[in-house]
Amino acid sequence: MILEPFESGVAELEILPVAEGEEKPEIDRRIFTRTVLPRPSPADGATIDLVVALVPSSVPAISLANVSESFGTGLGNDFGAGSGGFSPGGDWSLSYEPGMKGRCNQTERAKRLRENGGSPALDRKVVAALDWLQKEQNPDGSWGRVYPVAMTGFAILAFSGHCETVDSPRYGKTLIKAINYLVDASRDSQGLMASKPGMHSPYEHGIATYALAEAYSLNKNARARVNRISNALRNAVPIIIEGQTKGGGWLYSYRQSGTGDLSISGWSIQALKAAQLTGIKFTGLDRAMVEALAYLKIAATEDGLYRYRIQDGQPGRLSLTGVGVLCGRMLGETMPREERSLAAILDYQPKRFRSADLYALYYHSQACFQKGGDTWAKYNRVQQRLIIDSQESDGSWPVAAGHIGAAQADAKIYHTCLCTLMLEVYYRYLSATDTRLRHPG
């Protein structure tokens, strides 16, 4: 709905004569004025007109001293992100309501940023990153060359984290092209979204499904024309549900000969979580999420770290610990040894920017943010400045020599998206300690 601006003035009311014996009613004079509220996109001030009444409405309103791990070794440990809000009957759940809406109101977003320890300059850094991503988009709406489906999913998540929609004046056309690219990819491959068939398909499909689900939630009432996201989701989500192993996790190529790969499983959980929040009904979704929660519990070790694969005989990995903690909270429960997990994360915080660390740091940032309190304050004190100071003048983040990683030629896009999402963590979702968060009990 478009509200037409009008000048300040007194609202004129015509009062019918009162019946004999009744008192003449007193009529409040309501004065309306025009004000402006910035759209969520730019830090430099595009605006829309809103009508605001001056009179309030009556509507109710663990210590690991010698950890020396290099993060992000291979595609299996090289992607990361997060979501909010499902509970199968457990503890707190992350919430889109009012969690997601808060990122779409510039006043609320600034308030969350301030309350959660964010630098005032941080939002300008996010916009600079989105501007860089916009320039890097391919003519067909995708990003990247090696894994365009995954990179397009990452980019959509970065724009969505700032509440950019297809109606955004600055990035709307960029998002329309990106969403159409993924929807077309789903249609052309019977639902599966992957740049090329192969063992890595579950990564790309999970990332792309997560991005489309979040885009669907943000663009339900969009005015701009975009391909039907719901059709793609109805084909994409069942692939993840049906690809789950009997042990509750997910594996390369959606194989069934094992329990799960935690890195792949993390993306699958996030995709299902975002799909559940769209309100679209998917057969087997709740069951899949309950089984995923059981899988996470057995992936955790006694020291609070998480195993890449349960059967591989290896100890838990710090680089995957944030995946386990965050996904557990996404599924509605605090993991049994969460305090040990978070202590391990705090014990090993890199003091200099290394692109090899970004996969783990993104999950760690969300896990610590959801815990809140001293945990988040200690983590944020180091990592906020690390990410902000490492941004390049063009809005991107660097790729260290020798760490092109599994993303290969797409590494700069991938790393820039991860850093952007880390800078959006302050307002992207409510923390579990926020009193506005719904409690499922």
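Can you compute the charge dipole magnitude of the range 190-272 about its Cα centre, using +1 on each Lys and Arg Cβ and -1 on each Asp and Glu Cβ, nothing else charged? Give it in debye, rounded to the nearest 20.
My answer is approximately 360 debye.
Could you give the nm distance between label points at ARG287 and ASP394, where each point is 7 Å from its Cα heading toward the beta carbon?
Each label point lies 7 Å from its Cα, and together they span 5.0 nm.
How large is the dipole of the range 75-428 about the Cα centre if only Lys and Arg carry +1 and Asp and Glu carry -1, each at its Cβ, rounded to the nearest 20 debye?
520
With 5 Å bins from zero, work out the P(r) of the range 284-367 over every alpha carbon pair and list the percent per bin.
Result, from short to long distances: 3, 15, 26, 23, 17, 10, 4, 1, 0 percent.
Sorted from largest to smallest, which semi-axis lengths in Å does the alpha carbon gyration tensor of the range 75-428 give for its equivalent ellipsoid, taking the root of 5 times each eigenvalue?
26, 25, 20
Quick one: which of LYS220/LYS273; LYS220/LYS412; LYS177/LYS220; LYS273/LYS371 span more than 21 angstrom between C-alpha atoms?
LYS220/LYS412
Given TYR359, ALA271, PRO139, which one lies farthest toward the positive end of the charge dipole of the range 75-428, if we put +1 on the Cβ of every Lys and Arg and -1 on the Cβ of every Asp and Glu?
PRO139
Give, rounded to the nearest 20 debye, the magnitude of the charge dipole that the range 290-381 has about its Cα centre when Lys and Arg contribute +1 at Cβ and Asp and Glu contribute -1 at Cβ.
340
Figure the gain on full extension for SER253 and ALA294 (residue separation times 0.36 nm, minus the Cα-Cα span) and round it to one decimal in nm.
Using 0.36 nm per residue and subtracting the Cα-Cα distance, I get 12.6 nm.
Largest first and to the nearest Å, give the Cα extent of the range 163-277 along each principal axis.
47, 25, 21
For LYS111, go through the lysines and keep the ones whose alpha-carbon is under 16 Å away, minus same-chain ones fewer than eight residues off.
Straight-distance partners of LYS111: LYS101.
Sort 272-278, 391-397, 408-414 by the packing proxy (mean of other Cβ within 10 Å over each peptide's residues), most packed first.
272-278, 408-414, 391-397
Please report how far the C-alpha centroid of the range 215-260 lies from that of the range 289-361, rounded to the nearest whole angstrom.
Taking the Cα centre of each part, the range 215-260 and the range 289-361 sit 23 Å apart.
List the lysines whose Cα sits under 16 Å from the Cα of LYS378, skipping any in the same chain fewer than 8 residues away.
LYS351
Sorting check: for 333-345, 155-167, which peptide has the highest mean count of neighbouring beta carbons within 10 Å, and how do the rest follow?
155-167, 333-345
In nm, to one decimal, how far is the ASP374 label point from the GLU242 one, both placed 7 Å along Cα→Cβ?
My value for the distance between the label points is 5.1 nm.
Using each residue's phi in the range 150-158, evaluate 6.51 cos²θ - 1.76 cosθ + 1.60 at θ = phi - 60° and report the 3J(HN,Hα) Karplus result to the nearest Hz, with x for Gly and Pro.
5, 5, 5, x, 4, 5, 4, 4, 5
Every number in this text was worked out from the coordinates using simple rules, so none of it is lab data. Since this is a predicted model, take the numbers as computed values, not measurements. So basically every Cβ, Gly included, is an ideal-geometry build from the backbone, and we count neighbours across all protein chains shown.
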